[in-house]
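Worksheet for the structure shown next.
The values are calculated or read from the model by the stated rules, or taken from the named source; none is laboratory data. Bear in mind that the values here come from a model prediction, so they are computed numbers and not experimental data. No Cβ is skipped: glycine too gets one built from the backbone with ideal geometry, and neighbour counts run over all protein chains shown.
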Amino acid sequence: MFSLGTTNVVWTITDGSGNTATCSYNVVVVDTQNPTITCATPATNYAADAGACTYTVPGTALDPLSTGDNCSILSVVNDKTGTSTLQEQCLT
């Protein structure tokens, strides 16, 4: 089994007299499978916050339901907050 990346393989042949010859090559394994993401299904609309013209996401109900990849997940971010959640973050 070869891991992701480049692995050099060297073959050596030895005859009965102790003479040797070698050949080598690289086996390059690349990840060509796209990651998967299942988005939440938002409500049709959301009531604005009291006294405001905005809606603050109170929990994680709008975050992705699942993600996956055959190798690894580097990040999950959205374009609204630049983070992995839409939930309002408390700053201390």
Quiz item: Does PRO64 meet the test of being without any contact (Cβ under 8 Å) to a residue 40 or more places away in the chain, out of contact with any strand residue (DSSP E or B) (no Cβ under 9 Å at 6 or more places or on another chain) and not aliphatic (A, V, I, L, M)?
Solution: no
Quiz item: Within the stretch 72-85, how many residues turn out to be modelled with pLDDT under 95 and of a type outside the set (Ser, Thr, Tyr)?
Solution: 2
